[in-house]
1. Taking region 160-203, which residues are more than 22 Å from Leu127 (Cβ to Cβ) and small (Gly, Ala, Ser)?
2. I'd like the full set of residues that are touching a helix residue (DSSP H, G or I) at 6+ places or on another chain (Cβ under 7 Å) and surrounded by 22 or more Cβ atoms within 10 Å (Cβ to Cβ), limited to region 14-27.
3. With the requirement that a residue be buried (at least 23 other Cβ atoms within 10 Å of the Cβ) and not hydroxyl-bearing (Ser, Thr, Tyr), what does region 235-250 give you?
4. All but one of (1) of a type in the set (Val, Ile, Thr); (2) within 19 Å of Glu44 (Cβ to Cβ); (3) not in a strand (DSSP E or B) hold for Val94, so report the exception by its number.
5. Can you list the strands (runs of 3 or more DSSP E) found entirely within region 202-298 that contain at least 2 residues being among the aliphatic types (A, V, I, L, M), modelled with pLDDT of 95 or more and in contact with an Asp or Glu (Cβ under 7 Å, 6 or more places away or on another chain)?
6. Residues of region 28-53 being surrounded by 23 or more Cβ atoms within 10 Å (Cβ to Cβ) and assigned to a strand (DSSP E or B), which ones?
7. Tally time: how many residues in region 180-208 are touching a Ser or Thr at 6+ places or on another chain (Cβ under 6 Å) and acidic (Asp, Glu)?
8. In region 17-24, is there at least one residue being modelled with pLDDT of 95 or more, in contact with a strand residue (DSSP E or B) (Cβ under 9 Å, 6 or more places away or on another chain) and under 27 Å from Arg210 (Cβ atoms)?
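The values are calculated or read from the model by the stated rules, or taken from the named source; none is laboratory data. Keep in mind the model is a prediction, meaning the values are calculated, not measured. When we count neighbours, we look across all protein chains shown, and the Cβ atoms used for this are built from the backbone with ideal geometry, even at glycine.
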Amino acid sequence: MPFVTVGRENSAATRIYYEDHGSGSPVVLVHGYALNGHSWEKQEAALLAAGHRVITYDRRGFGASSRPSIGYDFDTLAADLHVLLSRLDLREVVLAGFAMGTGEVTRYLAVHGRERVKAAVLVAPLLPFLLKTDDNSQGIDRSVFDGIMVRISADRPAAMKDFMDRSYNIDLLGGSRVSDQAWQNSFYVAISASARAALGCVTACLEDFRGDLARIDVPVLVIHGDQDRVLPYEATSRRLPALLKNARSTIIAGGPHAIIWTHADEVNQALLDFIGRPGRAGTQNSGPENRPPSGSQNGQAG
């Protein structure tokens, strides 16, 4: 199993597990909260079929990576990503993040710039700033996040069950867009994560990325489902075109938070189109209804 060492805690090395498949232009996929690199399996298959080299990895505290008690902040997580890109000497990368992974992508570009990255993809992003404050009225009330952390501390498996139900909009899409087995697989991955990481990453998701976004000068694709109950479109992606220099948006009608699984065909088409023509800006509605996005700002970090 391939690993890169990104640090130490006491007597143990902190190692990041990664997979590196295919050849051609590289695409690096950064997973969401309570997931691992295998959550991108439908995108990996499409990218490999299109002739790309695909690198996935498990964030510290998740999957097969080390489970330290420290480092669950975006400065450290972006530094972990930098070690991976540097160790593999990747160039001209398309860097794609899902949900929490969009924080790593954004912080990485703000700190390390475009030397290794030619374009970025933000799927169901947590950006620009989730927390409602005096200068961020479109954010989400702190009480929502406080409640999440209380539930995780009291009964982490139950909290993860609730998170997965919200991610898949299981009441609407269960049995059609997501099978019981797919849901169960995601749940088992979630409860296998480090308890420390499960809490620490919720706190990290309250970071303000508005300053980071202003530093990004590569083309960016934003993909979001208009029925996302975890990271609502209105509080996140709808605000990004005004904060990015070169952004393209794809809105997936009926898409929940977990669109990389439930609406993989639409996500894959948008991703492949963007990789082929990363410089073209604009907004596109995807899905049979092509309805304008709508949603509540009552959500939870993803």
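1. Gly174, Gly175, Ser176, Ser179, Ala182, Ser186, Ala190, Ser192, Ala193, Ser194, Ala195 - these are the residues of region 160-203 that are more than 22 Å from Leu127 (Cβ to Cβ) and small (Gly, Ala, Ser).
2. Restricting attention to region 14-27, the residues satisfying the condition of being touching a helix residue (DSSP H, G or I) at 6+ places or on another chain (Cβ under 7 Å) are 16, 18-19, 21-22, 27.
The answer is Ile16, Val27.
3. Ala235, Leu244, Arg248
4. Tallying (1) of a type in the set (Val, Ile, Thr); (2) within 19 Å of Glu44 (Cβ to Cβ); (3) not in a strand (DSSP E or B), Val94 fails exactly one: (3).
5. Values: elements: 220-225, 247-252, 282-286.
Ranges flagged: 247-252.
6. Val28, Leu29, Val30
7. So in region 180-208, the residues touching a Ser or Thr at 6+ places or on another chain (Cβ under 6 Å) come out as 196.
Checking which are acidic (Asp, Glu) leaves us with none.
Looking only at that region, the number is 0.
8. The answer is no; no qualifying residue exists.
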